[in-house]
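The values are calculated or read from the model by the stated rules, or taken from the named source; none is laboratory data. Computed from a prediction, not measured in an experiment: that's the story for all the values here. Every residue, glycine as well, gets a Cβ built from its backbone with ideal geometry; the counts of neighbours run over all protein chains shown.
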Amino acid sequence: MTVFNLAIELAYWQQTVIRSILGLVAVLLPAGTLVYLYLFKMMSFMQSRLGPMEAGPYGSLQLLAEVGKFLQKEDLFPRAADRVVFKAAPFVVLASTFLLVLVLPAGPDAWFINIDTGVFLALAVSSISVIGILMAGWGSASKYSLIGGLRAAGQLVAYELPLVLAVMGVVIQAGTLNVQEIVLAQANGEIFGWGGIGNPFIITQFLGFMIFLVAIQAELTQPPFDMPVAESEIVTGYLTEYTGMRFLLFFIGEFATAGIFSALAATFFLGGWYIPGLDPTSNLFNLIGPLVLVGKMLLVSFLIFWFRFTYPRFREDQLQQLAWKVLVPLSLVNIVATGVLKVVF
Amino acid sequence: MVGFFFSQVQGLDPLTSDEVLVAQNVFFGLIALVMILAALKMVTTENIVHAALYLVIVLAGAAGMFILLGAEFVAVTQILVYIGAIIVLFLFGIMLTKGSFGTEEGEQRERNRMAILLGVLIVAVTSGSFIDSFRDAELNRQAPSTTADIGDTIFGQFIIPFEAISVLLLAALIGSVVVARRDQ
């Protein structure tokens, strides 16, 4: 039950406090890192410019400046807005993010919850954010918001299917829904009798990994799947009427979810907190596991942001067709193939 | 919050131990209270979007109850199916069809009468059957069945009903496509 294998036994309330603080860190730290490293710096370099340079060395304090700017802004409400729904919407989206981080294991004993239905829970709570987005779209009482909210909901529902189905291949191969056991299955796996690097599922589930990446890109409503916030048509979709603090909450939610989805992809396909050559039960992993996981997360989110800065936007019908006519059939084929091979071998 | 419940269940193993669990009872009371209030607001509110959102609270409360009982699989299914799919469908449908809802007085009264009748009937039938079948039996405290057990049961003992339901759903799906489609 201990978060880290300390010599002292912690009381239940102490564990809860530690878990809560670490959960907060696990949500905010990736969000900040991704925004600074990729959104500020990498995008700038890809466009042959320097990005923020003024606040702190290499603009490293730019994040604090941005947060300060948002906090100073006036909290505006549209006159016709449904105030309660409008206010609650960003918190529903953030709640989904905070629940999602719970299933991530970062070491043999370093986890928030270790339950049999981990994968299932992750996929279930990620769908809660749709309600928050619909609340934002409807509560703003603006047609841009409503159209954006409906587009976002349609997109999120459509891409949830390939997301779930892509993970099914991993679940079949590992033979468990428990996230921790999926990591261990990869750590203890063998490739044709050779266990040198374990068996990261990206090798056997490469198709699943690609589908998962495309699906999380769409779930995050990032370019090229940013039709719900297409600025040339509907301002910023469901975010149009939000200012200051509430906009910041949506923004943190988006990038934190990007980090957590990347970490989930790293856990399902790249071996999670495990690095080859060490004993997966060793206590060392409780210390370096989180760092390994963050490293793999940065690798996956690099891909996500690379696509984000590279491709132009899909049209609404192309976007739906990609989900229903390409990704869903492909992932079903993947499941059948994995199932057959699982029985054969 | 949910994480708190989960660790609660794991740490104390309430389903196999005989001790009285204060925290569990307190949370049961809290969740029940919130659920009842939200359910009352849901049926009395004039705004149909608010009604759908109150329903979210009721369903989330039900998921919390399942977690308190150690039935995490049912709880997660509750979240995935009811909150993640059905409520989203409700909201989607409401927002696509009408913006605001004016109520016609006569129609409303008729509907209220039917709703009250239906509510009384449901309470009578379900509470009657519950009381009749359980009487003074005590809750059988045992370790909850695992996800693997549930999978084995569904795909072993109940494979035919399971497949029959999927054929039924497919029929409904094809039917809706046929109804919605305009032939050219």
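Return yes when A:Leu184 is of a type outside the set (Lys, Arg) and part of a helix (DSSP H, G or I) and no when it is not. So A:Leu184 passes the test.
In the set (1) surrounded by fewer than 20 Cβ atoms within 10 Å (Cβ to Cβ); (2) out of contact with any Ser or Thr (no Cβ under 9 Å at 6 or more places or on another chain), the condition left unmet by A:Leu161 is number (2). Residues in the range B:126-152 that are farther than 28 Å from A:Thr117 by Cβ and modelled with pLDDT under 80: B:Arg135, B:Asp136, B:Ala137. Of the set (1) buried (at least 20 other Cβ atoms within 10 Å of the Cβ); (2) among the hydrophobic types (A, V, I, L, M, F, W, C); (3) more than 22 Å from A:Pro224 (Cβ to Cβ), all apply to A:Phe305 but (3).
Checking the conditions here, which among A:Val25, A:Val84 is within 12 Å of another protein chain (Cβ to nearest Cβ), surrounded by fewer than 16 Cβ atoms within 10 Å (Cβ to Cβ) and among the β-branched types (Val, Ile, Thr)?
Working: A:Val25 fails: within 12 Å of another protein chain (Cβ to nearest Cβ).
Answer to the check: A:Val84.
Elements of the type helices (runs of 4 or more DSSP H) sitting completely within the range B:2-76 and holding at least 3 residues that are at pLDDT below 80 and under 30 Å from A:Ile133 (Cα atoms): these cover B:2-12.
Annotation: A:Arg151 fulfils all but one of (1) part of a loop (DSSP other than H, G, I, E, B); (2) in contact with an Asp or Glu (Cβ under 7 Å, 6 or more places away or on another chain); (3) not polar (S, T, N, Q); the unmet one is (1). Condition check for A:Ala106 on (1) within 12 Å of chain B (Cβ to nearest Cβ); (2) buried (at least 19 other Cβ atoms within 10 Å of the Cβ): one failure, at (1).
Yes or no: the range A:192-207 includes at least one residue that is within 24 Å of A:Ala323 (Cα to Cα), in contact (Cβ under 8 Å) with a residue 24 or more places away in the chain and within 12 Å of chain B (Cβ to nearest Cβ). Checked against the condition, which is being within 24 Å of A:Ala323 (Cα to Cα), in contact (Cβ under 8 Å) with a residue 24 or more places away in the chain and within 12 Å of chain B (Cβ to nearest Cβ), the range A:192-207 yields no hits at all. For B:Leu59, the criteria (1) crowded, with 18+ Cβ neighbours inside 10 Å; (2) farther than 21 Å from B:Ile154 by Cα; (3) facing chain A (nearest Cβ under 10 Å) hold in every case but one, which is (3). Going by the structure shown, is B:Leu80 within 11 Å of chain A (Cβ to nearest Cβ), at pLDDT 85 or above and in a helix (DSSP H, G or I)? The answer is yes for B:Leu80. Among residues of the range A:168-186 that are within 13 Å of chain B (Cβ to nearest Cβ), those with a Cβ under 8 angstrom from a residue that is part of a helix (DSSP H, G or I) and acidic (Asp, Glu), sequence gap 6+ or separate chain, pair up as A:Ala174/A:Glu181.
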